[in-house]
Amino acid sequence: MRKLAIGLAFVLATISGGVAQGQQVPEGGQDGGILVEGRKQGPRKEARRFVERIVTTTKDQLSRFNDPVCPVVLGLTPPYAKAIVKRFREVSAEVGAQVDRDEKCYPNVFVIVAADAGAIIAQLREKYHGFFRDLAYDDKRTALDEGPVRAWRVSEELDQSGRPGAQGPDGLRSFRGIDPGSRISLSTQQATYAAVVVIDVNAIDEKSVGQIADYVAMRVLAGARPPKEGGRLDTILTLFDGDAVVPEGLTQVDRSFLTGIYQMQANAPLGSQAGTIADRIVRDARETGTAKKPR
């Protein structure tokens with residue numbers, strides 16, 4: 001997978017002409033957060049609904065990084081790029097993801113601030129026709145949708161122990177001979193090995209370093225997608241929603257969501273994984289006293 005991540009870095013380097021040059025963003029914190037407001041639903045049902053509204057799936061499972069994350073930021077001046085990387089690493093470690101601490105590590109998380117995010121995607125599709133071909137449906141949709149931010153992750157299927165299947169003559173991997181799984185666990189799991197977030201430079205105006213880093217963490221570490229416009233969710237995922245009241249950083253429910261992703265059983269069915277995350281959200285809300293009464 002490291003070779004594939006390096007290959008992705010090479011591909012992205014060839015379209016660097018569309019990357020913004022040395023842009024700056026304001027500094028800022030990353031505090032705050034309350035549980036999503038309910039509508040006559042119990043806390044767990046509302047937490048489960050939150051999860052279902054923002055998750056993306058790969059083969060009916062949730063995907064997360066198994067390998068240590070190594071972020072790189074392109075298109076911002078070095079001080080701001082380093083600040084975003086630093087904050088992203090902190091969040092990753094806090095929620096249970098592994099972090100590569102080597103400053104010369106091979107990047108597998110690419111954050112690109114571009115003069116025109118749409119143009120970057122167009123270049124990739126023109127120069128590398130198969131670039132998006134093998135993406136999961138949800139990732140392909142978030143990569144190709146119109147908007148100031150394009151994000152996608154590249155995942156692979158592993159067996160229940162986290163090992164790749166045997167590769168056949170046709171290049172496809174087989175998982176024959178492994179435990180077939182059950183209703184509470186599957187024979188395979190999904191693992192993210194690279195992620196890309198492309199942000200239009202005009203969209204970062206008045207956004208802080210902390211907000212951008214935390215937004216990237218949600219998109220990359222968990223594959224979360226922003227709720228549809230008009231959705232009343234208290235999450236940093238609304239950062240680029242012009243009509244939303246945006247928090248200063250990760251909210252409590254965001255943190256719980258990310259932590260749940262990295263505590264869930266990797267080879268569990270989607271419903272079980274979502275339930276684990278919802279339970280974490282409710283438990284953390286009760287412990288911190290931030291849950292609002294349903295209304």
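Things worth noting here:
- Structure note, pairs K45/K140; K86/K228; K207/K228; K86/K140; K59/K228; K59/K82: Cα-Cα distances above 31 angstrom occur for K59/K82.
- For T58, residues with placed amide H under 5 Å, excluding near neighbours: S63
- Amide H to amide H distances under 5 Å link G147 with no residue, where only residues 5 or more positions off or on other chains count and H is placed in the peptide plane.
- For the range 230-284, trypsin sites (Lys or Arg not before Pro) are listed when DSSP marks them as loop and at most 16 other Cβ atoms sit within 10 Å of their Cβ; the list is R232.
- The ranking of L250, L74 by Cβ neighbour count inside 10 Å, starting from the fewest, reads L74, L250.
- Placing a pseudo-label 7 Å from each Cα along the Cα-to-Cβ vector at R286 and K82 gives an inter-label distance of 4.5 nm.
- In order along the range 145-156, the phi-based Karplus estimate (6.51 cos²θ - 1.76 cosθ + 1.60, θ = phi - 60°) of 3J(HN,Hα) comes to 4, 5, x, x, 10, 10, 9, 7, 10, 10, 10, 10 Hz; Gly and Pro are listed as x.
Taken together, the values in this text are just the output of simple stated rules run on the coordinates, not laboratory data. All values reported here derive from a predicted model rather than from experimental measurement. No Cβ is skipped: glycine too gets one built from the backbone with ideal geometry, and neighbour counts run over all protein chains shown.
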